[in-house]
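These notes are about the structure you will find just below.
The values are calculated or read from the model by the stated rules, or taken from the named source; none is laboratory data. Being a predicted model, the structure only gives us computed values, none of them experimental. FYI the Cβ positions are ideal-geometry reconstructions off the backbone, even for glycines, and counts take in every protein chain you see.
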Amino acid sequence: MSEQREFALLGQLLLANETITEEDLHEALRRQRLTSEHIGQILVDMGALAPRQLERALHAQRRLRGDPAQNRQYVLVVDDDPEVGALLGDILEGAGYRVGVAADEGEAVAAIMAPDCDWPALIVLDLGLPRYGGVEFLTILRRNGLTSRIPVVVLTGRPDLESDIRDRGLEISEFLAKPVSARKLLAVVDSVLRSRAEPAPTPAPQ
């Protein structure tokens, strides 16, 4: 994962999915400064992007941003099952959180690294991800200076992977096995975010 956050969310999505090259994006940004056209349309006009690819990226961008009416903390759900991701998003949004839903590791990285997307207060992570798996994605998060302290709640149908996570020394806030009730999920998310917001206790004078 790059340490740079120079590209907006749409560009990060297109790069993460290897739809365009970084050179294409730099050229499109140069043209945008001259014309003020939408970056996606410029890429289509350049022949670097098909209209259908742009449509999919714009849909993913909306899904990752979440409902702008939700002014509370931003929670990023990473789950490759669209039905599960949508369900988790509905549960968290119903509790007042603003939720982005990433369908794979690439979309999650794009949401985290884009400077025009809110920094996640917490990530709800499924371990059965399609590219290199949730444990490897968690490893990348923890090894990167920008993302190492983002709290992660693991939600998975693979309870056997908890020992793998612990053996690797990867910090997580909670490990939840699917299926989990909405009440339990919200209790864990609320507790993790509340503990992060509380100031550390002041040591008693000696």
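Could you check residue 87 against (1) part of a helix (DSSP H, G or I); (2) farther than 30 Å from residue 191 by Cβ; (3) of a type in the set (A, V, I, L, M, F, W, C) and say which number it fails? So the condition that residue 87 fails would be (2). Taking the range 110-147 as the range and being over 22 Å from residue 196 (Cβ atoms) and in a helix (DSSP H, G or I) as the test, the residues that pass are 110, 135, 136.
Name the one entry in 43, 92, 54, 76 that is in a helix (DSSP H, G or I), surrounded by 14 or more Cβ atoms within 10 Å (Cβ to Cβ) and under 17 Å from the mean Cα position of the chain (by Cα). Just a single option satisfies the conditions, and that option is 92. Among residues that are aliphatic (A, V, I, L, M), surrounded by 14 or more Cβ atoms within 10 Å (Cβ to Cβ), in a strand (DSSP E or B) and in contact with a Leu (Cβ under 8 Å, 6 or more places away or on another chain), residue 170 is not included. Considering only the range 109-116, I want to know if a residue exists there that is aliphatic (A, V, I, L, M), modelled with pLDDT of 95 or more and in contact with a helix residue (DSSP H, G or I) (Cβ under 9 Å, 6 or more places away or on another chain). No, the range 109-116 has no match at all.
A search for C-beta distances below 6 Å between a residue of the range 156-170 that is over 11 Å from residue 135 (Cβ atoms) and any residue that is at pLDDT 85 or above and surrounded by 12 or more Cβ atoms within 10 Å (Cβ to Cβ), counting only pairs 6+ apart in sequence or on different chains, returns 157/178; 159/177. For residue 116, the requirement of being exposed (fewer than 15 other Cβ atoms within 10 Å of the Cβ) and not hydroxyl-bearing (Ser, Thr, Tyr) is met.
Going residue by residue through the range 181-199, is there one that turns out to be modelled with pLDDT of 90 or more, buried (at least 16 other Cβ atoms within 10 Å of the Cβ) and part of a loop (DSSP other than H, G, I, E, B)? No: the range 181-199 contains no residue that is modelled with pLDDT of 90 or more, buried (at least 16 other Cβ atoms within 10 Å of the Cβ) and part of a loop (DSSP other than H, G, I, E, B).
Scanning the range 113-136 for residues that are in contact with a Leu (Cβ under 7 Å, 6 or more places away or on another chain), without any contact (Cβ under 8 Å) to a residue 40 or more places away in the chain and not small (Gly, Ala, Ser) yields a total of 2. Any residue at all in the range 153-161 that is under 27 Å from residue 10 (Cβ atoms), at pLDDT below 95, surrounded by fewer than 16 Cβ atoms within 10 Å (Cβ to Cβ) and not aliphatic (A, V, I, L, M)? Scanning the range 153-161, I find no residue that is under 27 Å from residue 10 (Cβ atoms), at pLDDT below 95, surrounded by fewer than 16 Cβ atoms within 10 Å (Cβ to Cβ) and not aliphatic (A, V, I, L, M), so the answer is no.
Does residue 101 satisfy the condition of being surrounded by 17 or more Cβ atoms within 10 Å (Cβ to Cβ) and under 18 Å from residue 10 (Cα atoms)?
So residue 101 fits the description; yes.
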